[in-house]
Amino acid sequence: MKNVLTGSVALLAAAAVVAGGQLETIDARLLAGEVVSISAERVLLKTKQGKQAVPLGEVVEISLAKASDAMATVGRSVVTTSFGDLLAVSDVTSDGTRLQATGPLLGSVKLPMEAVRTLYLPGATQSPRDIENRLEEMDLAAASGDRIIVSRKGKQALAIDGVLEALGRKKVRFRWKDSSRTVDRATVPLVRLAVVGTKTSAHSGTLLGREGSQLHFTALTLEGTSIRLDSPAVGKQTVPVSRVAGIRFASSNVVRLADLKPSAVKEHGFFDTTFHYRANRSVSGRRLRLAGRTYRTGLGLHSFCELTYPLDEQYTQLVAMAGIDDGVRPHGDATLTFLGDGKPLGKPLRLTGKGAPEAIRLKLDGVKTLVIRADFGPDGLGFSDHVDLAGARLIK
C-alpha cells in the first residue's frame, strides 16, 4: 500500500508521551494507549500488550481528548476561513485589512481578510448554529459583496450587501451605497465576506482543538508537549498538546463512503413508513453510535434499503463497522449484504440489537459496481432496523 502522507509534509518527529490516546487505522482497527512517539515513518504506542508501531501511512486519526462542537456552543464566536478551517475564538476585530482573533487553540493570531470567509458573532443566548439556521430561513439570494446580517428589535433581520470596513469591539463599520455606515456590533450576528479568488490548498491533515477548532496543516511536528505546524491560513504556529483533541490525517488513497453519491437508491418500509438513508447520521438523524462509540462518518440505513455505487475498479477494500445503532438497542433485526458486480462479497451479515457490532473488510479488486443492501432479518419485521455502517471507507 502506498504511503498516504508523502510530498511536502514534514510530520511529527517526537519522543513525547501523550497519555490516553487512541489510534484509528485506514482498515478500521482501533488501538488504545499512550502515544510514545510519532515520526515521518510510524506512530509508536504503548499499549497493555506492549509497544506497537503503526506505519504513518496507515493512520487515519489520533484521538487524545473529547472535542466540543464550537458551532453548537452558546456565546462562542467562530471564524471560518476560505481554506476550510474553523476557529473558535473569544475575541475578534478587524481594521478592514487584517483580522485579529484570540482563541483557546492558537492564542492570538492575525489573518489577511482575503483568507476569512465567515464571522459568527452570537449573543449570550445564541450559538453559531442558531445563526446559521436563521440565515437558511431567510432564504437569501447570493451576495453581491460582503454580507452583513443586522438584527432589529421586533423586526425581521436585515441583510446588507456592501463592504466591511472595520469590526470593532462595540461598532461595525461598512460601506453601503457609496457611504460608510456604523451599527452596534451587538446587532450584527454574522458577517460573510465575499470570495476573493480561489483559496484552495492541499493539506496533509487537520488539527482538532478541544473547544472545537479545526485547523488544516501542511506540515506538523510533535516536540515534547508542543505541536508545531504550518497552516495555509495562519502560517507557522506552536500549540500545546493540552489544547489538542486529536489529529486527522488526509489521504488521497482513502474515500469516505458518505462522500459518494449512489447512482441508484431503492427504499421501502415494512408498512407505509420509509426511513431514508442518511450520510454521517443514523436514520433517526442522530450521530452514528455503536457499542458506546460515536462515529463522525458513515451511513445510516434501514430495512429495506439498497444503494448502488459505481466504483470503476478504483478500489481494493471496503472497511467499516456494522451494527444496530445504540439508539434503538436491544431492538432491531436486519440482514446486510454486499454485492460486487452482482456477485456476493462474503456471506450475508445478520445484525441484531442484542449482538455486537461486526468489523467489515471486503476485497474490491476489479469491482465495477458495488451494491449495499439492508434487508429485513429473519423476524420479517422492520421494527428498529437502524443499521449503521460506521467509519465506512473505500481504500484504493
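The numbers here are math on the coordinates, done by the rules we state, and not lab data. From a predicted model like this one, the values you see are computed outputs, not experimental measurements. FYI the Cβ positions are ideal-geometry reconstructions off the backbone, even for glycines, and counts take in every protein chain you see.
Kirkwood Rh, segment 59-175, all Cα pairs: how many Å?
Values: mean 1/r = 0.0646 Å⁻¹.
Across segment 59-175, the inverse of the average 1/r is 15.5 Å.
Each residue of segment 329-334 in turn: what ³J(HN,Hα) in whole Hz from Karplus with 6.51, -1.76, 1.60 and θ = phi - 60°, glycine and Pro shown as x?
Whole-Hz 3J(HN,Hα) from phi for segment 329-334: 4, x, 7, x, 7, 9.
Counting only helical runs of four or more DSSP H residues, what would the 222 nm mean residue ellipticity of the chain come to if each run contributes -39,500 (n - 2.57) and the total is spread over all its residues?
Working: 1 runs with 11 residues, N = 396.
Helix contribution divided over all residues of the chain: -1000 deg cm²/dmol.
Across segment 254-395, how many lysine pairs separated by 8 or more positions, or lying on different chains, have Cα atoms within less than 18 Å?
Final tally of qualifying lysine pairs is 4.
With unit charges on the beta carbons (Lys and Arg positive, Asp and Glu negative) and the dipole taken about the Cα centre of the chain, which residue among Gly57, Val109, Gln214 sits farthest to the positive side?
Farthest towards the positive pole: Val109.
At a Cα cut-off below 20 Å, give the lysines reachable from Lys236, other chains included and same-chain residues fewer than 8 away excluded.
Lys110, Lys199
Return one number: the angle in degrees, 0 to 90 and rounded to the nearest 10, between the long axis of the Cα atoms of helix 128-138 and the longest principal axis of the Cα atoms of the chain.
Helix 128-138 sits roughly 80 degrees off the main axis of the chain.
Would you mind computing, in nm to one decimal, how far apart the modelled labels at Lys170 and Ala194 are, each placed 7 Å from Cα along Cα→Cβ?
With each label point 7 Å from Cα toward Cβ, the separation is 3.1 nm.
Between the DSSP loop rule and a limit of at most 15 other Cβ atoms within 10 Å, which trypsin sites (Lys or Arg not before Pro) in segment 310-364 are left? Walk me through the intermediate numbers first.
Working: sites: Arg350, Lys354, Arg361, Lys363; in loops: Lys354.
For trypsin sites (Lys or Arg not before Pro) across segment 310-364 that sit outside H, G, I, E and B with at most 15 neighbouring Cβ atoms in 10 Å, the list reads Lys354.
For the chain, compute Rh as the Kirkwood radius over C-alpha pairs and then the Stokes-Einstein diffusion coefficient at 25 °C and 0.890 mPa s; write the answer in µm²/s, rounded to an integer. Please list the in-between numbers first.
Details: Rh = 23.3 Å.
Answer, rounded: 105 µm²/s.
Please work out how much length the chain gains when fully extended from Asp27 to Ala279, using 0.36 nm per residue of separation minus the C-alpha to C-alpha distance, in nm with one decimal.
On the way: separation 252, 0.36 × 252 = 90.72 nm, distance 1.96 nm.
88.8 nm is the gain from fully extending Asp27 to Ala279.
Along segment 45-61, what does the Karplus equation 6.51 cos²θ - 1.76 cosθ + 1.60 (θ = phi - 60°) give for ³J(HN,Hα), rounded to whole Hz, x for Gly and Pro?
10, 9, 10, 5, 8, x, 6, 10, 9, 10, x, 4, x, 9, 8, 9, 7
Find the centroid of the Cα atoms in segment 131-160 and in segment 228-302, then give the distance between the two in whole Å.
29
Restricting to DSSP loop positions (anything but H, G, I, E, B) with no more than 16 other Cβ atoms inside 10 Å of their own Cβ, which GluC sites (Glu not before Pro) remain in segment 238-342?
Answer by residue number: Glu313.
Considering the zone a paramagnetic label at Asp184 would reach in this model (a point 7 Å from Cα along the Cα-to-Cβ line), which residues of segment 139-168 have amide N under 20 Å from it?
148-160, 166-168
How many percent of Cα pairs in segment 166-242 exceed 14 Å? Write down the numbers at each step before the final one.
On the way: 2123 of 2926 pairs.
Of all Cα-Cα distances in segment 166-242, 73 percent exceed 14 Å.
If you average over every viewing direction, what projected area does the convex hull of the Cα atoms of segment 133-198 give, in nm²?
On the way: hull surface 21.0 nm².
Reported value for the Cα convex hull: 5.3 nm².
Calculate how large, on average over all directions, the projected area of the Cα convex hull of segment 179-328 is; give the answer in nm² to one decimal.
Numbers: hull surface 64.1 nm².
Result: 16.0 nm².
Using only the Cα atoms of segment 254-395, construct the convex hull and provide its projected area averaged over every direction, in square nanometres to one decimal. If you can, show how the numbers build up before the last one.
On the way: hull surface 29.6 nm².
For segment 254-395, averaging the hull's shadow over all directions gives 7.4 nm².
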